[in-house]
Amino acid sequence: MSTTEDRPMRIGEVADLTGTTPRTIRYYEEIGLLGREQRREQGKHRAYTQADVDRVREILRLRDLLGLSLEQLAQLVDAETARAEIRRELESTDDPARRRALRKQALSHIAGQLTLVRKRLDELKALERELTEKQRTVRQRLADPRG
C-alpha cells in the first residue's frame, strides 16, 4: 500500500493536505518559496513529494504565526532548508573539523532567522504598547463623570 511518503502527489492533493489552494502552491513555486527545480516533464502534471508538503506547511505556519512578507518567509525557509542540509551532512561525516564548520554554518543561519523573528517581535511589542496606551486613555475617559 502506497503512502504520501513514497509516491509523487499532484497539486490538488498537496493543497488538500496543507489546507491551501493549488493557486497558492503555484505562486509559491513562481516566487521561489517552494522548490526551484523543474517540477514536471513536458506535457505531464507537476509531481510533489512529502518534503514539498512539509515545506508548504512550514511556509503557511510561519506566514500565519509571524505575519511576515513573502520575501522574509523566503529567507526563513531558505535558512531552514540550509540547516536541514547541514544536518544531513553532519550525519555523514566523522571529521571533527568538518562537523565544527557545519555547526558554525548552522549558527549563522539560525542568527539570520532570529534577526527576522526579533524584528517582528519588536514590531508586535510596539503595537502592544500603542494599544495599551489607547486602552488606558479610553478607560480614563470612561471614568470621567463628564463622559
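Here, each number is a calculation from the coordinates, and none is a lab measurement. Please read these numbers as outputs of a predicted model, since none were measured by experiment. With ideal geometry, Cβ positions are generated from the backbone for all residues, glycine too; neighbour counts draw on all protein chains shown.
Overview of results
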| item | result |
| --- | --- |
| Most fluctuating residue given options ARG100, ARG129, ARG57, as computed from a GNM of the chain linking Cα atoms under 10 Å | ARG129 |
| Sum of -39500 (n - 2.57) over DSSP H runs of 4+, divided by residues of the chain (222 nm, nearest 500) | -25000 deg cm²/dmol |
| Relative contact order %, the chain, counting alpha carbon pairs below 8 Å whose residues are six or more apart | 18 percent |
| Spin-label model distance (nm) - ARG129 vs GLN50, 7 Å beyond Cα toward Cβ | 4.7 nm |
| With Cα atoms, 0 to 90° folded angle of helix 50-66 axis to the chain main axis | 10 degrees |
| Principal-axis tilt of helix 70-92 within the chain, Cα atoms, nearest 10 degrees | 50 degrees |
| Crossing angle, helix 96-143 versus the chain [Cα axis fit, 0-90 degrees, rounded to tens] | 30 degrees |
| Counted charge near PRO22, where neighbours are those whose Cβ lies closer than 12 Å (Asp, Glu -1; Lys, Arg +1) | +1 |
| Gyration tensor over alpha-carbon atoms, the range 69-147, equivalent ellipsoid semi-axes in Å | 48, 12, 7 |
| Fewest-first sequence of ARG83, ARG99 by Cβ atoms within 10 Å of each Cβ | ARG99, ARG83 |
| Potential extension, LYS104-ARG141 segment - 0.36 nm per residue separation minus Cα distance | 7.8 nm |
| Ratio of Rg to Rh over the chain (Cα coordinates, Kirkwood Rh, two decimals) | 1.17 |
| GNM top mover of LEU34, LEU127, LEU114 - the chain, alpha-carbon springs below 10 Å | LEU127 |
| For the chain, built as a Gaussian network whose Cα springs stay under 10 Å, the top-fluctuating residue of THR115, THR49, THR137 | THR137 |
